[in-house]
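Quick notes on the structure that follows.
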Amino acid sequence: MAEVTSPQRLKLLLDESPLKPIQRWLWVLSTGGTLLDGFVIFALGVAMPLIIAAFHIRPGVVGLIGAALVLGAVFGAGLGGPVADRLGRKRLMLADMIIIGIGAATSALANGPTTLFIGQFLVGVGVGIDFPVSSTYISEVSPKRSRARMMVATIACQSVGMLLAAAITLLLLKNVGGAQNWRLFLATEGIIALLFFLLRLSEPDSPHWLMTRGKFEKAAQAFIRIMPEQRGTVLQLTCNAGEKSLADSVTQAKASGLAVLFSPPYRARTLLVAAPWFLMDIATYGVGLFTPIILGAIDISGRTGGLITHDLAAARGSAAIDLFLLFGFLLGIWAVPRFGRIRMQAIGFGGMVVGMLILMKAVHLLNSSLHIPLVFAGFILFNFLMNAGPNATTFTLAPILFPTELRATASGFAASVAKIGATFGVFVLPILKGKFGVPAVLGMVAAVSVLGLVITLVLRREDTE
């Protein structure tokens, strides 16, 4: 039987420890990117009608502004994962909040579509960096028995961000008159990013990452902060072995690049974590960003009143529906650890298809008494099962299917591919809506959901830790 090395014993101490208050706090700090992701999606969706009126922009430019956010996330996720595997989790978790703050300030002060595009692109870069780094970080500082639940709870904060944005935008639309309210919506993103930056200054880096880089003294300090009751054991393991002999007992992580993700041992895993996420984000970002516009187009907010009144009504309807994102995530927090990620991902994609079919039916019953109930039923079912399923599982698969030295790189690649899908959805859906109407948008979302279900079932593999 192989001897258990000192690094392995240190990892086991963390894996088998009970969940502590400091780990809950580190989880809170890791939610900054996902919370802001939800916040900016909702805020930009509500702001878009006001921006269109302010700058008199065409539908194609609207799509570009919406796509800027997720296009930036493509670069951010693709860059953030590999860099986090080289420089550490904490450095990237600080840098991404700075980038988001700069982007939010640029957006709020924009004097035209070009400046707004640049600002939203920077916000997207910061959010994109945080996605793979935060999922990796929380998987490396939490005990094994709580890991799946905490990771799903991290992505669940996307819906918390949407609800927070709903509360702030509704408050401003109701109490602060004027077509420039959208600047306040976007400025709030920077305030939240600054708060997370300041709070994250005190967090330790990932002890697992420090160990793979041979930084065992710093790893011991991080372990002790997380597990102070194991101080003596941690110090004994590191001091008795000595840094040189300890370094000899573990294979040092070397920069392998993205190519290793497509080597035979990891190829199927890479496709499993990337392809369904790509398809889900076409649906998630396309529908989520333009939910207020879609609701207005199918007459849920009425046809009377001015621009602010219409935007306020659409935001209220969107917020009511987005509440079910949170309910879906709560179900996911309970169900994913019990039934597994693959099973919940398949169930979620199936529910998304049914939700879109209901909404397509609602559009054809515009003058029927069933119109309003079907609109809410379709969006609620879509949001509920999307977040109980693929929106939770795709975020959490890569950190458990790849080793520490590849974890952030794999998570970043998957998130980057997903954001390419999101960029496609955000750019194409408004054009599709303008040429063919809302039913075409809903049909496209249903189609990619079916494809996500098929790929999940074909590429399925054991997802236990």
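Just so you know, all these numbers are worked out from the coordinates, no wet-lab data involved. Keep in mind that what you see is a predicted model, and the values were worked out from it rather than measured. Cβ sites come from the backbone with ideal geometry, for glycine too, and all protein chains shown count toward neighbours.
Alpha carbons only, please: Rg and Dmax for the stretch 373-432, in angstrom.
Values for the stretch 373-432 (Cα only, Rg and Dmax): 15.2, 49 Å.
Anything over 25 Å Cα to Cα? Flag those among K144/K419; K90/K144; K144/K218, in the order listed.
Where the Cα-Cα span goes over 25 Å, the pairs concerned are K144/K419.
Using square roots of five times the C-alpha gyration tensor eigenvalues, list the equivalent-ellipsoid semi-axes of the stretch 71-124 in whole Å, biggest first.
Three semi-axes, in Å: 25, 12, 5.
Report the FRET efficiency, 1/(1 + (r/R0)^6), for L370 and L87, where r is their Cβ-Cβ distance and R0 is 41 Å, rounded to 0.05.
It comes out at approximately 0.15.
If r is the Cβ-Cβ distance from R267 to L201 and R0 is 41 Å, what FRET efficiency results, to the nearest 0.05? List each step's numbers first, then the result.
Values: r = 39 Å, r/R0 = 0.95.
That gives a FRET efficiency of 0.55.
With no solvent and one equal point scatterer placed on each C-alpha of the stretch 146-210, evaluate the Debye formula and give log10 I(q)/I(0) for q = 0.13, 0.28 Å⁻¹, two decimals.
-0.56, -1.19
Return the Rg/Rh ratio of the stretch 46-168 with Cα-based radii and a Kirkwood Rh.
Rounded to two decimals, Rg over Rh is 1.04.
³J(HN,Hα) across the stretch 73-82 via Karplus (A = 6.51, B = -1.76, C = 1.60, θ = phi - 60°), whole Hz, x for Gly/Pro?
Running phi through 6.51 cos²θ - 1.76 cosθ + 1.60 with θ = phi - 60° gives 5, 4, 5, x, 5, x, 7, x, x, x Hz.
Using only the alpha-carbon atoms of the stretch 1-114, report the extent along each of the three principal axes, biggest first, to the nearest angstrom.
Result, largest extent first: 70, 28, 23 Å.
P(r) for the stretch 360-465: what percent of alpha-carbon pairs falls in each 10 Å bin, starting at zero?
For the stretch 360-465, the pair-distance distribution reads 12, 34, 32, 15, 6, 1.
Tell me, what ³J(HN,Hα) does each residue in the stretch 417-422 have, in order and in whole Hz, if you take phi through Karplus 6.51 cos²θ - 1.76 cosθ + 1.60 with θ = phi - 60° and put x for Gly and Pro?
4, 4, 5, 4, x, 5
Need the C-alpha centroid separation for the stretch 74-93 versus the stretch 143-159, integer Å.
20 Å
Return the distance in nm (one decimal) between the two label points of a simple spin-label model at A259 and E16, each offset 7 Å from Cα along Cα→Cβ.
4.0 nm
At what distance in angstrom do the alpha carbon centres of the stretch 353-398 and the stretch 107-130 lie from each other?
That distance is 29 Å.
Just order 336-347, 261-272, 128-139, 397-408 by mean Cβ neighbour count inside 10 Å, highest at the front, would you? It would help to have the intermediate numbers written out before the result.
Details: 336-347: 20.2, 261-272: 15.2, 128-139: 30.3, 397-408: 23.3.
Ranked from most to least packed, the peptides come out as 128-139, 397-408, 336-347, 261-272.
Applying a 10 Å radius around every beta-carbon, put 141-148, 158-165, 430-437 in order of their mean neighbour count, most first.
158-165, 141-148, 430-437
Once label points are set 7 Å from the Cα along Cα→Cβ at both F75 and V28, what is their separation, rounded to one decimal in nm?
3.4 nm
Kindly provide the GluC sites (Glu not before Pro) of the stretch 134-226 that DSSP labels as loop, not H, G, I, E or B, and whose Cβ sees at most 12 other Cβ atoms within 10 Å.
Taking the stretch 134-226 and a limit of 12 other Cβ atoms within 10 Å, no loop GluC sites (Glu not before Pro) are found.
With each label point set 7 Å from Cα along the Cα-Cβ vector, what nm distance links T233 and R9?
1.0 nm
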